[in-house]
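The values are calculated or read from the model by the stated rules, or taken from the named source; none is laboratory data. What you see is a predicted model, and the numbers here were worked out from it, not measured in a lab. Positions of Cβ are backbone-derived with ideal geometry, glycine not excepted, and every protein chain shown enters the neighbour counts.
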Amino acid sequence: MELKKLVEDLRVTGVTRLNKRHFTLELLSPVKLPLILPGQFAQALVENSPSTFLRRPFSIHSVDYQKNTLRLLIQIKGPGTSHLAELKAGDHLNLIYPLGNSFSLPFTKDVLLVGGGCGVAPLLFLAQFLNQNNIHPTILLGFRTREEVSEIDAYSRCGKVLITTDDGTEGEKGLVVDHSIFQREKIEFKKIYCCGPDAMMKAVAKIARMNNTDCEVSLENTMACGFGVCLCCITPTDKGNERVCVEGPVFNIRRLPWK
Amino acid sequence: MPDLSVNIAGLPFKNPVTTASGTFGYGDEFRDFIDLGRLGGIFVKAVTGKNRDGNAYPRMAETSSGMLNSVGLQNKGIEHFCHEIYPRIKNFNTNIIVNVSGSTVEEYVEVAERINELDNIPAIELNISCPNVKLGGMAFGTIPSMATEVTAEVRKVYHKVLMVKLSPNVTSISDLAKAVVDGGADVITLINTLLGMAIDAERRRPVLSTITGGLSGPAIKPVALRMVWQVHKAVHVPIIGLGGIMNATDAIEFILAGASAIQVGTANFIDPAASVKIADGIESYMERHKIKHITDLVGALRTE
Ligand SMILES: Cc1cc2nc3c(=O)[nH]c(=O)nc-3n(C[C@H](O)[C@H](O)[C@H](O)COP(=O)(O)OP(=O)(O)OC[C@H]3O[C@@H](n4cnc5c(N)ncnc54)[C@H](O)[C@@H]3O)c2cc1C
Ligand SMILES: Cc1cc2nc3c(=O)[nH]c(=O)nc-3n(C[C@H](O)[C@H](O)[C@H](O)COP(=O)(O)O)c2cc1C
Ligand code: FES
């Protein structure tokens, strides 16, 4: 399905600091929000940051059609995201959105979502979307430490939440793939959706493959345009080099050359 | 209303604003953002003889006021272009110009000959300047005798407007300009990207998979302006200028230096409507300065 893309100045209506490294922005659109699907992203223009020349991609974290707002969950990494962290209610942020493909609807109710780091961002929107289709997924989230565990209430409204922290200060200790749900002979899920650091997605994909479980991952990649014209963001797939910003960011692991 | 139309080697353009190859896809990607009919022309992504997968990832590094890329002419080849892409874009209400690339003279000739048959493509732009392919590409654009040869061979089979895009990675841009005019070029486009490099100090590794890549964006504008000015003085064919044009003022600067038209490249990534805004901005500049015809500004730089 082709969705219309917009370039708009959205007004910041809420900034929530989740912890030292993460915050969310609530953004009000001046026009009626277009249809946005879970897994899609936006390209944000970082103004007045001389070292940030290109836009920065962020997943859509949630959408509220009644309020006409969408939210982004941002992890502070470098100059671009540090600059965005200074936005206040009333400021504007220019976005190109919605971009990319989306997660597909599962043919099963035994669904697991796995997220780590800022990779949790698209999973809330996905979980809400699954709920609308009467699916209540299990949601496994990995954090560094207790201080970074956030928005659990919102996830809990969508399904059963499981947590790991690197240091064991909350939930099970270790990485998401160390969680006890993966330590059984056969996992109980028929579909896995995963977003996070590359190494994490590859490890989850390996488990999915061993269990013959269908699995979709959302890839990150360095992008210049975000809408398919520069060919900078490619990833090798079964169809050759494909654009993460158009044919992705969501790929079924069957299509990726991951071992 | 000021008159923005220009005629370049016999080909009419409704205004001097066009979009640069490799930064505008095949045009249809921009349909949600702008009315393509507002543009003077669209230069589509490079087409080669056969399918090319391009270079490995990572292909991009952001720099101060610009970016490096090493895409490497990824495209599905001339037959795919003729059958799958041309039907989709041929009725756009603007000049569609194809950027032709290759590794050998034969490949350039083969592609040009095929495109000559396409009724709605009024011109080609020979890309003899791509820094991102190992064989050929830039060699044709840096050695004058090779530049003359490839232009002359294509000229024999291509009967519409022949544009040649030059590489800035040379000591004397005027020598290259003269060389392609000798080969039969109707128009010169400049500049392509400047060869550059980015290093990740923490990992002690190059950022790009190809180690070096092509620099574009505002960082290269002063070099591009200088080259347009030098080529304008050296040859008498029309020039299409580009390199770091982000707004209408940048575009006017290129026209004053001697460009009959301009291309918007990297700016499309940051603002997909940049090209149309630049066309509007040129019009208001002309109103403000009471310029009736845009052609009155071409090369109108006052140096004394
Ligand atoms: C489709 C997509 C969706 C994304 N969604 C989110 C999200 O919802 N929330 C979020 O916080 N972040 C997300 N990101 C990552 C985010 O875009 C980068 O963290 C951001 O661009 C960094 O910008 P910066 O200027 O702060 O840091 P920079 O100085 O640009 O980068 C800091 C460090 O991060 C690395 N880096 C930068 N961009 C990327 C990238 N795209 N992929 C991998 N490494 C990178 C750089 O190499 C550098 O080491 C997403 C990326 C993509 C491609
Ligand atoms: C991602 C990217 C891909 C490009 N691909 C091509 C190409 O296929 N053929 C070509 O002649 N130039 C290509 N170029 C060069 C541009 O057309 C232009 O010459 C250059 O970027 C300088 O202009 P700018 O600073 O306005 O971008 C490419 C540039 C970029 C950034
Ligand atoms: S970022 Fe430009 S094609 Fe994907």
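Checking each residue in segment B:184-240 for being over 28 Å from B:N7 (Cβ atoms) and among the charged types (D, E, K, R) picks out B:D200, B:E202, B:R203, B:R204, B:R205. Where strands (runs of 3 or more DSSP E) fall wholly inside segment A:2-121, the ranges with 1 or more residues that are surrounded by fewer than 20 Cβ atoms within 10 Å (Cβ to Cβ) are A:6-17, A:22-28, A:62-64, A:69-75, A:92-99. With respect to the conditions (1) more than 25 Å from A:T24 (Cα to Cα); (2) away from ligand 2 (no atom under 16 Å from the Cβ), A:D166 falls short on a single one, namely (1).
When segment A:154-177 is filtered for residues that are surrounded by 14 or more Cβ atoms within 10 Å (Cβ to Cβ), touching a residue at least 12 places away in the same chain (Cβ under 8 Å) and over 25 Å from A:N134 (Cα atoms), the ones remaining, listed by number, are A:T164, A:T165, A:D166, A:T169, A:E170, A:G171, A:L175, A:V176, A:V177. Residues of segment A:122-134 that are among the polar types (S, T, N, Q), more than 29 Å from A:V46 (Cα to Cα) and in a helix (DSSP H, G or I): A:N131, A:Q132. Per this entry, A:Y65 is not counted among residues that are among the aromatic types (F, W, Y), more than 21 Å from A:S150 (Cα to Cα) and within 14 Å of another protein chain (Cβ to nearest Cβ). Each residue in segment A:220-259 was checked for being more than 7 Å from ligand 3 (Cβ to nearest atom), within 12 Å of another protein chain (Cβ to nearest Cβ) and of a type outside the set (A, V, I, L, M, F, W, C), and 10 of them qualify. Going through segment B:264-296 one residue at a time, which ones are within 12 Å of ligand 2 (Cβ to nearest atom) and away from chain A (no Cβ under 14 Å)? Selection gives B:I278 alone. Of all residues in segment A:212-241, those being more than 16 Å from ligand 2 (Cβ to nearest atom) and touching a strand residue (DSSP E or B) at 6+ places or on another chain (Cβ under 7 Å) number 9. Within segment B:74-85, one or more residues are within 14 Å of chain A (Cβ to nearest Cβ) and surrounded by fewer than 16 Cβ atoms within 10 Å (Cβ to Cβ). Going through segment A:226-256 one residue at a time, which ones are touching a helix residue (DSSP H, G or I) at 6+ places or on another chain (Cβ under 7 Å) and free of Cβ contacts under 8 Å to residues at least 24 places away in the same chain? Answer for segment A:226-256, where residues must be touching a helix residue (DSSP H, G or I) at 6+ places or on another chain (Cβ under 7 Å) and free of Cβ contacts under 8 Å to residues at least 24 places away in the same chain: A:G228, A:V229, A:C230, A:T237, A:D238. Of all residues in segment A:200-219, those being crowded, with 21+ Cβ neighbours inside 10 Å and either of a type in the set (D, E, K, R) or within 14 Å of chain B (Cβ to nearest Cβ) (or both) number 1. Mind telling me which of the residues A:R157, A:R184, A:R209, A:R146 ends up being touching an Asp or Glu at 6+ places or on another chain (Cβ under 6 Å) and away from ligand 2 (no atom under 16 Å from the Cβ)? Answer to the selection: A:R146.
Let's see how each residue does on (1) touching a residue at least 24 places away in the same chain (Cβ under 8 Å); (2) under 27 Å from B:M286 (Cα atoms); (3) in contact with an Asp or Glu (Cβ under 7 Å, 6 or more places away or on another chain); (4) of a type in the set (A, V, I, L, M):
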position	(1), (2), (3), (4)
B:T210	yes, no, no, no
B:G213	yes, no, no, no
B:S216	yes, no, no, no
B:A219	yes, yes, no, yes
B:E253	yes, yes, no, no
B:A257	yes, yes, no, yes
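Every condition in (1) buried (at least 17 other Cβ atoms within 10 Å of the Cβ); (2) more than 10 Å from chain A (Cβ to nearest Cβ) is met by B:V71 except one, and the failing one is (2). Among the residues here, B:I199 does not qualify as within 19 Å of A:S51 (Cα to Cα), surrounded by 18 or more Cβ atoms within 10 Å (Cβ to Cβ) and out of contact with any helix residue (DSSP H, G or I) (no Cβ under 8 Å at 6 or more places or on another chain). Entry remark, segment B:263-304: residues being at pLDDT below 95 and among the β-branched types (V, I, T) number 1 in total.
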